[in-house]
1. So Ala142 clears everything in (1) open to solvent by 50 Å² or more (accessible area, probe 1.4 Å); (2) touching a strand residue (DSSP E or B) at 6+ places or on another chain (Cβ under 8 Å) except one condition, right? Which one?
2. Taking the criterion of being in contact (Cβ under 8 Å) with a residue 24 or more places away in the chain and part of a loop (DSSP other than H, G, I, E, B), would at least one residue in the range 160-167 satisfy it?
3. Select from the range 107-120 the residues that are part of a helix (DSSP H, G or I) and open to solvent by less than 10 Å² (accessible area, probe 1.4 Å) and write down the one among them that is farthest from Lys134 (Cα to Cα).
4. Let me confirm something: among Ala280, Ala248, which residue is surrounded by 14 or more Cβ atoms within 10 Å (Cβ to Cβ) and at pLDDT 80 or above?
5. Give me the residue from the range 169-206 that is open to solvent by 50 Å² or more (accessible area, probe 1.4 Å) and touching a strand residue (DSSP E or B) at 6+ places or on another chain (Cβ under 7 Å) and, out of that set, farthest from Phe277 (Cα to Cα).
6. Looking at the range 80-102 only, could you name the residues that are at pLDDT 90 or above and either hydrophobic (A, V, I, L, M, F, W, C) or part of a helix (DSSP H, G or I) (or both)?
Amino acid sequence: MARVDIRQVVKEKYGEAARRVINIGAAPSCCGSTATAPATSCCATGPLAGSDPITRDLYDSVQTCDLPEAAVLASLGCGNPTALAELRPGEVVLDLGSGGGIDVLLSAKRVGPSGKAYGLDMTDDMLALADENKRRAGATNAEFLKGEIEHIPLPDASVDVIISNCVINLSADKDQVLREAFRVLKPGGRFAVADVVTRGEIRPEVRRSVLAWVGCVAGALDEEEYRSKLAAAGFFDIGMEPTRIYTAADACEFLTANGLDASAVASEMDGKFLSAFIRASKPPR
């Protein structure tokens with residue numbers, strides 16, 4: 001798909017997810033439905049997510065008990081970057097692809113009144129939902145910005161920590177995203193994101209189907225390619241920690257609906273699709 005087409009698909013799907021939460025309070029589904037497969041809740045989280053192996057149990061009740069329910073329901077991620085980013089009071093945090101705002105609101109609590117948490121999203125409906133969630137949470141040190149993660153509307157060296165929750169895999173120009181992340185980070189700043197990555201050779205049709213299950217239009221990188229792109233952008237001290245490894249059994253229903261026999265592709269899938277926590281640093285001065 002052309003980059004502009006991917007961007008439009010992402011905007012439409014995530015806009016639809018936000019409207020579902022706003023209008024009916026339902027758990028969102030970024031996948032929608034097709035002629036061959038019913039709508040699937042591959043991206044839903046929160047109390048309505050059921051046993052979805054991608055999104056279940058990402059946030060514990062202690063973290064979310066005082067957040068607006070809509071912020072929790074609208075989370076479309078595959079990890080919990082705020083739990084692993086080691087945020088400190090007074091820091092400035094930027095969430096790339098902030099959606100309904102759950103990670104921004106959690107970050108705002110961690111950095112405290114002397115810090116700041118920005119969220120960046122390109123989808124109007126998600127931004128409206130996030131601003132309402134911010135109001136309900138009383139998060140005066142949070143701010144949501146409209147823009148694309150390939151073109152961050154913040155000055156050079158203005159952010160201490162960049163987080164993101166399974167959004168970078170949706171970009172058609174990941175090199176540009178990582179260059180922009182490097183640009184806005186202060187010297188010594190930290191990159192701490194959750195994302196979907198792949199591991200090893202995978203048949204194209206299996207890769208397409210499984211990535212559709214994981215993230216609708218996901219273009220997940222191989223873990224080694226991700227490392228290489230981070231290094232090329234200027235980052236060092238790069239680490240990758242798998243948080244969830246998906247199996248054919250996890251995706252059985254979706255694969256079957258899309259014409260693939262889960263048992264036949266198990267050897268090509270098991271252990272090769274994973275959510276990971278990815279860390280890197282910008283060199284100090």
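The values are calculated or read from the model by the stated rules, or taken from the named source; none is laboratory data. Since the structure is predicted, the reported quantities are computational estimates derived from the model, not experimental observations. Ideal geometry is used to build each Cβ from the backbone, glycine not excepted, and the neighbour counts take in all protein chains shown. Side chains included, ligands, DNA and RNA excluded: accessible areas come from the protein's heavy atoms. Shrake-Rupley method; radii C 1.70, N 1.55, O 1.52, S 1.80 Å.
1. It is condition (1) that Ala142 fails.
2. Scanning the range 160-167 turns up at least one residue that is in contact (Cβ under 8 Å) with a residue 24 or more places away in the chain and part of a loop (DSSP other than H, G, I, E, B).
3. Going through the qualifying residues, I end up with Val111.
4. Ala280
5. Here the answer is Lys186.
6. If the condition is that a residue be at pLDDT 90 or above and either hydrophobic (A, V, I, L, M, F, W, C) or part of a helix (DSSP H, G or I) (or both), then Leu87, Val92, Val93, Leu94, Leu96 are the ones that fit.
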